[in-house]
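See structure below.
Quick note: the coordinates plus some simple rules give every number you see, no bench work behind them. This structure is a prediction, so every number in the text was calculated from the model and none was measured. Neighbour counts are summed over all protein chains in view; Cβ atoms, including those assigned to glycine, are modelled from backbone coordinates with ideal geometry.
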């Protein structure tokens with residue numbers, strides 16, 4: 001009697017946890033693991049049409065050695081570099097300002113900065129696409145005109161095209177990063193600043209020796225997601241240029257996947273680009289994390 | 001015991017949610033065609049937020065109504081096909097059709113269709129495929145599209161056959177176009193009058209340049225604009241001169257001498273004669289361009305005839321100021337047009353009613369009535385040239401109001417001056433390269449000469465082949 005009760009209890013304990021995690025397990029298997037595995041398989045195949053599939057070894061990967069892929073890789077890397085360069089220091093400064101109790105209207109500014117993150121990329125992208133139009137009357141050119149500057153053809157030159165992309169990204173994600181950094185700032189104990197005051201440190205010293213080291217975990221987190229975000233960028237470039245990217249100035253790796261996969265119906269090659277992208281992002285992040293000493297910390 | 005039942009229930013529920021999530025898209029965005037034809041134009045935005053429809057449980061009618069699904073990326077095509085359904089049901093009371101049209105955005109529709117055909121489930125009965133994507137669907141040994149030769153039959157004699165070859169593989173026709181897409185020159189007569197020139201005097205491209213110089217000198221307005229991020233300037237002119245991107249065997253000839261000559265000519269118009277400018281916004285479909293042209297920004301533009309619709313819709317201020325003429329020839333007596341663009345409507349092999357769908361499709365687009373409707377409803381030049389002089393073609397509509405009458409008299413003049421275009425499997429990649437690199441690098445960026453730009457394109461295509 002006692003014995004059966006025990007096994008029953010044991011068994012019910014055994015099932016319940018699985019029930020609760022099953023939605024996640026199932027969705028992981030169905031929408032993550034299965035597509036990943038089938039992408040890896042497809043990257044070794046030539047998929048000509050329905051039922052017309054053949055294994056071609058590493059040919060898709062050999063085909064990656066072409067100027068377009070390198071253009072896409074270069075653009076994506078430059079974009080990621082700039083977004084990190086802008087979207088780490090700028091939000092830190094703003095977060096410090098907004099975290100000060102003396103700042104007037106800081107709650108208003110916090111929500112105002114956060115608002116763009118709630119818009120859809122496509123809606124925001126279309127707005128910026130028109131703002132960066134090449135006529136004199138478009139938003140950005142009209143502002144330049146006020147300063148007596150000539151209108152610029154923004155979206156048909158490499159440097160200005162990249163600028164437009166980074167501006168859109170900054171506009172959208174600035175507020176989110178500010179929120180991360182503010183929560184990081186609030187975790188830094190006030191005592192540290194107080195004792196620094198007693199030691200006679202000025203604000204710059206406090207920023208360099210207390211605030212930044214205190215924010216390190218948040219900085220690592222923000223950079224890591226920025227690397228993923230930067231390399232996965234697609235929608236911004238798509239709303240600016242659609243599929244006809246003049247001179248490949250906005251061609252990103254994901255857009256290259258899209259073009260080969262859907263525009264040219266070469267799913268095998270597109271899969272190979274996707275797998276390569278996965279490795280690139282992993283390598284970049286591992287380098288970045290080890291530079292910050294993230295792994296060393298784990299071992300301690 | 002109870003608990004394992006509960007577990008099973010939860011499992012079923014969870015799976016149910018997933019299955020529902022997967023299947024939901026199928027019935028969403030539907031909008032029946034035959035139910036309330038009168039209200040059709042008003043129901044357009046229904047597509048965006050209509051509730052997922054229930055399974056088809058239409059009330060029993062006398063003859064069995066066959067329900068077909070049609071995918072398109074163009075709202076106008078929906079109206080055209082819906083109208084054809086009404087006519088069909090009148091003429092074929094024994095096999096009535098109920099057509100469900102789903103309008104998607106351009107990319108979304110082509111992607112969905114590609115994946116549906118690739119995976120073997122979920123494709124519609126009938127679908128529109130734009131010409132620059134069509135080759136994607138003919139890849140592989142057995143295309144998932146229904147062969148249409150037998151359905152078209154002898155009607156093809158009255159059609160511009162080059163338009164069928166665009167959607168063919170080994171002489172088998174898989175798609176039916178809406179129009180010929182004869183490329184013409186749209187002249188702004190107000191500007192030309194101001195400069196004191198008559199477009200009818202222009203015979204060759206050299207004349208065109210001379211007139212252009214006069215226009216620029218007199219008015220300061222550029223003679224024309226050139227597409228940088230689209231193919232509709234370079235490609236028609238290449239076709240007009242008798243060349244192409246590929247030869248009939250599918251070999252790459254994009255860098256041949258004729259093509260270099262054409263691109264060099266475009267370069268000279270912009271940078272040497274200074275009578276042309278890159279189209280604002282990069283293409284003749286950019287918002288910047290519509291505003292620019294509507295304000296009398298350029299004296300003429302080269303586009304296929306289907307561009308009429310854009311004038312009527314997006315450039316209302318030019319009403320009555322635009323005249324349509326054949327292209328200037330490369331040499332006297334040379335061809336004065338090119339057949340450009342298009343959308344092939346297909347029947348998929350996943351359809352359960354392939355025969356009916358194919359018969360309906362041919363009725364809608366190849367029959368005399370259908371061909372006339374492509375003009376009266378869509379403003380297209382019908383693929384069937386034997387209707388071009390039908391009285392309906394010169395009746396008043398919004399296009400004759402805007403451009404004046406006699407469009408089809410002009411078209412009849414040039415109907416035999418259109419070279420066929422060759423569309424092998426790698427065609428989508430070629431169009432991508434023209435849109436991305438060729439004109440941009442040679443004319444806008446000037447980082448390559450026209451010859452280098454075309455050579456680079458040829459090398460890139462060869463690599464992809």
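Enter the angle in degrees (range 0 to 90, nearest 10) between the Cα long axis of helix B:354-365 and the first principal axis of the Cα atoms of chain B, meaning the one along which they spread out most. The angle comes out at about 30 degrees. DSSP beta bridges in the protein assembly as shown, what fraction antiparallel, as a percent rounded to 5? Taking every DSSP beta bridge with both residues in the protein assembly as shown, the antiparallel ones total about 65 percent.
For the range A:186-209 versus the range B:75-91, the spacing of their alpha-carbon centroids is 76 Å. Taken over the range B:260-415, the alpha-carbon convex hull comes to 161 cubic angstrom per residue.
Let me know the shape class of the range B:148-250, please: from the alpha-carbon gyration tensor, a ≥ b ≥ c as square roots of the eigenvalues, rounded when a/c is under 1.5, otherwise prolate if a/b is greater than b/c, or oblate. Prolate, since a/c reaches 1.5 and a/b exceeds b/c. Take the Cβ atoms of residue B:261 and residue B:67, set R0 to 51 Å, and the FRET efficiency comes out at 0.45. Per residue of A:39-52, other chain Cβ atoms within 10 Å of the residue Cβ number 3 on average. Which residues does the label zone of residue A:294 cover in the range A:210-232, counting backbone N under 19 Å from a point 7 Å along Cα→Cβ? Correct set: A:212-232.
When the Cα centres of the range B:432-465 and the range B:228-287 are compared, how far apart do they sit, in Å? Using only Cα atoms, the two centres lie 11 Å from each other. Per-residue shielding of B:428-439, expressed as the average number of other chain Cβ atoms within 10 Å of the residue Cβ, stands at 4. Neighbouring Cβ atoms from other chains, within 10 Å of the Cβ of residues in A:134-144, number 2 on average. Cβ crowding within 10 Å ranks A:208, A:233, A:162 as A:208, A:162, A:233, fewest other Cβ atoms first. Relative to the 2.2 N^0.38 Å rule of thumb, the protein assembly as shown has a C-alpha radius of gyration ratio of 1.11. Taken along the Cα-to-beta-carbon direction at a fixed 7 Å, the label points for residue B:390 and residue B:170 span 3.5 nm. For residue B:462 and residue A:118, the FRET efficiency from 1/(1 + (r/R0)^6), where r spans their Cβ atoms and R0 equals 51 Å, is about 0.60.
The tail of the calculated P(r) for chain B beyond 45 Å holds 16 percent of all Cα-Cα pairs. Inter-part distance, the range B:311-334 to the range A:238-300, computed on C-alpha centroids, equals 45 Å. Computed over chain A, the percent of Cα pairs more than 26 Å apart is 62.
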